[in-house]
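Remarks on the structure that follows.
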Amino acid sequence: MRHIISALVQNEPGVLAHVAGMFAARGFNIDSLVVGETESPEQSRMTIVVRGDDRVLEQVRKQLAKVVAVIKVRDFSGVAHVERDLMLVRLSVPAERRGPVLDLINIFRGRVVDVSPKSILVQLTGPEDKIEAFIECCRPYGIKELARTGVIAMTRGAKEKE
Amino acid sequence: MMAREKKAKAIDSKGKARTGAAIFRQTLEAEGVDTIFGYPGGVVLPIFDELYESLDKFVLTRHEQGAAHAADGYARSTGKVGVVLATSGPGACNLITGLATAHMDSIPVVAFTGQVKTTLIGNDAFQEADVTGISRSVTKYNILVKDVKDLARVMHEAFHVARTGRPGPVLVDIPFDVSMAELNGEPDEQIRLPGYKPQLTGNPRQIKAAAEALNASKRPVIYVGGGVILANASKLLRELASKANVPVTTTLLGLGALDQDSELSLDMLGMHGTAYANYAVQDCDLLLAVGARFEDRVTGNLAEFAPKAKIVHIDVDPSSISKNVKVDIPVVGDAGNILEALVKLAEHKGRKAWFEQIAKWKKQYPMGYDRKSSKIKPQYVVEQICEATKGQAIVTTGVGQHQMWTAQFYKWKFPRQIISSGGLGTMGFGLPAANGAQRGNPGKVVIDVDGDGSFCMTMQELITSVNYSLPVKVMIMNNGYLGMVRQWQELFFGKRYSATKIKSPDFAALARGFGATGMVVQDRSEVREAIEQSLATEGPVVVDFHVDPEENVWPMVPAGKSLHEMKMGPLA
Ligand SMILES: Cc1ncc(C[n+]2csc(CCOP(=O)(O)OP(=O)(O)O)c2C)c(N)n1
Ligand SMILES: [Mg+2]
């Protein structure tokens, strides 16, 4: 099963290497790992998408918490939350054939952020499944280049309790 | 608290500028460090210059691996944090085996390494190695200090992390310019580790559930690991076992938590454990694990491990729980705290049938070997060492058959008595660890029962024993083989002894060359005499016992089999 795990960590050099190294050493499979500063410059948040059964996930959570620079770990499974992935994708569609593609972009509420004679650059945000659905729809038009940030997430409602 | 009071005094309050190296020395003093094992080099010159006035606290080993194992042996035998200091690049790399050894057995060690100047880091400078990168997976925590103002704080954090929670090695990498830099005013010493909060008190509901399960059980077994010894909880464990009347088995690292003369002792379990321990575990209805981690050498085939038992697991490391076996009642916290609470709740139960069953197993499958053999049986040597030292020695080992015979045939009486690399199984651990243990326990008899293979991995450390007057007694079980591997080849690879027959130098002559005393024993009748003589000799001694080359370790649970499928050997 797919889990989104968020880890609040000390914003220190080496923390990312420590966490990534732990995942590699323990043989955990990760789909994505995102790091960014939080409201406090002393802390960063890592959001990790990881797959495994309950036992694996229990170990993932515990091993993460064990890393000295990791302050707090939370698993979003079973918790109402919002998740977002950001994608930039360059589609090779010449100006004369752009109509249907622009419709598609509209349906997915994406935005065209750059245009050239032979291609357009599209920005799309949303949960992973939406992004993936869009990728499938775009394939016939020719994807030239694609980049994704990986998922970040937050619980719905009031700020999580400490 | 004590450390903090000392700290205040150690640092002069005149606000005078101090170098990083001076802060280093003062912080070690504040932490109460009385021994540093290590080896110098270019980028640690400023630090060694600071140590010049207090060299009585420094032990120069002959290899950084030896320093790391010595710090480890010092830590295991004293309960204090072991400290090791090495230079950058090759010096730091030589520490890695020692750190990994300490890491696998949760031993509190703090390693300090020099690093090239911060401005050179990443440039492939002379003797640069990415030591925090290399050591990351074999340390509990590691950190590169980039600014002299952080040095004191990071060092205190290192000691704190190493000794608290589930202990382990911590590495602090100190660039040359950081130890040279001057700091004006007071260094920041306040520990700041928001992510580090070991859970020490057990959840009372879980403790109650554990006590109820224990009180209700008819055939319980307590399974003790090194965690009990690390937590200094052996006394409480003994109290619990005798109050609740429960038999106790231990892992290799748990030996000594219970006096093996106790009626309740089932001795060691696992691959080379006793038959009665393994049968008891397979038949028990409650397994109370304390500070143990269900490693594969202990459990055998996991699917059939303790199949009838409800499992209670007490451990300070939450990630140990349900990692290998599914635990019914987990209790996270310090073994001492939890055992203390359990002692209060435990009820004495007779369990007559259970103890009768155990007595039957003990009678039917005692630990033994061919006592009538005219050859020198290694088990016999261990028994004689035990008798000659009245069971009171601190004993280190290498890794292999001799390690198992030592574990099986010495009668362990007290915690921190056996010093052996369990998790990593590091050949070459014995002698340097003995040096560390001897340094930390000056009045005690320290014996290294070693293998002819293992000894050669770190034998240069005999120079350290000689130079620092560490009177360790090295008893080499010289079987002419990398015996443990040979045993597997004999049993599972059709006796094809590929690369396991070894020809060793004349160990006695070698010892003399190093300035120690050397002895050779080729006849069974000389064994006891030689041991007595070595104990009576001042200074380090090496005794080369020419033991039966093809003796095997029994019983044995073949890898992947269940504990009750153990093979008893030719005598049974
Ligand atoms: C550093 C290291 N290398 C290899 C091994 C694999 N190994 C385990 S036991 C053993 C043989 C040890 O031989 P010796 O020290 O003579 O002990 P014996 O088994 O003969 O008593 C070997 C090679 C190891 N444990 N450690
Ligand atoms: Mg050997």
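Per-structure values
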{"read-out": "Selection from segment B:122-133 of residues that are within 13 Å of chain A (Cβ to nearest Cβ) and surrounded by 17 or more Cβ atoms within 10 Å (Cβ to Cβ)", "value": "B:Val131, B:Thr132"}
{"read-out": "Every residue from segment B:387-414 that is on the phi > 0 side of the Ramachandran plot and within 16 Å of ligand 1 (Cβ to nearest atom)", "value": "B:Gly400"}
{"read-out": "B:Ser454 within 16 Å of ligand 2 (Cβ to nearest atom) and touching a residue at least 60 places away in the same chain (Cβ under 8 Å)", "value": "no"}
{"read-out": "Subset of segment A:94-115 (residues that are modelled with pLDDT of 95 or more and outside any helix (DSSP H, G or I))", "value": "A:Phe108, A:Arg109, A:Gly110, A:Arg111, A:Val112, A:Val113, A:Asp114, A:Val115"}
{"read-out": "Subset of segment B:142-153 (residues that are surrounded by fewer than 23 Cβ atoms within 10 Å (Cβ to Cβ) and away from chain A (no Cβ under 11 Å))", "value": "B:Asp147, B:Lys149, B:Arg153"}
{"read-out": "Among the candidates B:Val298, B:Val248, residue that is assigned by TED's automatic domain parsing to the domain that holds B:Val221 and touching a residue at least 40 places away in the same chain (Cβ under 8 Å)", "value": "B:Val298"}
{"read-out": "Test: residue in segment B:167-190 that is in a helix (DSSP H, G or I), open to solvent by less than 10 Å² (accessible area, probe 1.4 Å), within 19 Å of B:Gly227 (Cα to Cα) and touching a residue at least 60 places away in the same chain (Cβ under 8 Å)", "value": "no"}
{"read-out": "Selection count, segment B:404-420, where residues are assigned to a loop (DSSP other than H, G, I, E, B), away from ligand 2 (no atom under 16 Å from the Cβ) and either open to solvent by less than 30 Å² (accessible area, probe 1.4 Å) or not assigned by TED's automatic domain parsing to the domain that holds B:Phe455 (or both)", "value": "3"}
{"read-out": "Criterion: open to solvent by less than 40 Å² (accessible area, probe 1.4 Å) and more than 23 Å from B:Pro378 (Cα to Cα) - qualifying residue of B:Gly494, B:Gly451, B:Gly483, B:Gly440", "value": "B:Gly440"}
{"read-out": "Listing of helices (runs of 4 or more DSSP H) fully contained in segment B:1-118 that carry 3 or more residues being at pLDDT 95 or above and more than 19 Å from the chain's Cα centre (by Cα)", "value": "B:20-30, B:45-51, B:90-104"}
{"read-out": "Residue list for segment B:154-206, restricted to those being more than 13 Å from chain A (Cβ to nearest Cβ) and of a type in the set (A, V, I, L, M)", "value": "B:Met155, B:Ile174, B:Val178, B:Met180, B:Ala181, B:Leu183, B:Leu200"}
{"read-out": "Selection within segment B:192-220 - part of a helix (DSSP H, G or I) and either charged (D, E, K, R) or open to solvent by less than 70 Å² (accessible area, probe 1.4 Å) (or both)", "value": "B:Arg205, B:Gln206, B:Ile207, B:Lys208, B:Ala209, B:Ala210, B:Ala211, B:Glu212, B:Ala213, B:Leu214, B:Asn215"}
{"read-out": "Any pair with Cβ under 9 angstrom, 6 or more apart, that starts in segment B:507-535 at a residue that is more than 11 Å from B:Val381 (Cα to Cα) and in contact (Cβ under 8 Å) with a residue 40 or more places away in the chain and ends at one that is aromatic (Phe, Trp, Tyr) and not in a helix (DSSP H, G or I)", "value": "B:Gln522/B:Phe545"}
{"read-out": "Condition broken by B:Lys360, with the remaining ones in (1) more than 16 Å from ligand 1 (Cβ to nearest atom); (2) open to solvent by 20 Å² or more (accessible area, probe 1.4 Å); (3) over 18 Å from B:Ala275 (Cα atoms) satisfied", "value": "(3)"}
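The values are calculated or read from the model by the stated rules, or taken from the named source; none is laboratory data. Here the structure is a predicted model, which means the values were calculated and not measured. A quick note on method: Cβ atoms are made from the backbone with ideal geometry, for glycine too, and the neighbour counts reach across all protein chains shown. These area figures cover heavy atoms from the full protein model, side chains too; ligands, DNA and RNA do not enter into them. Shrake-Rupley method; radii C 1.70, N 1.55, O 1.52, S 1.80 Å.
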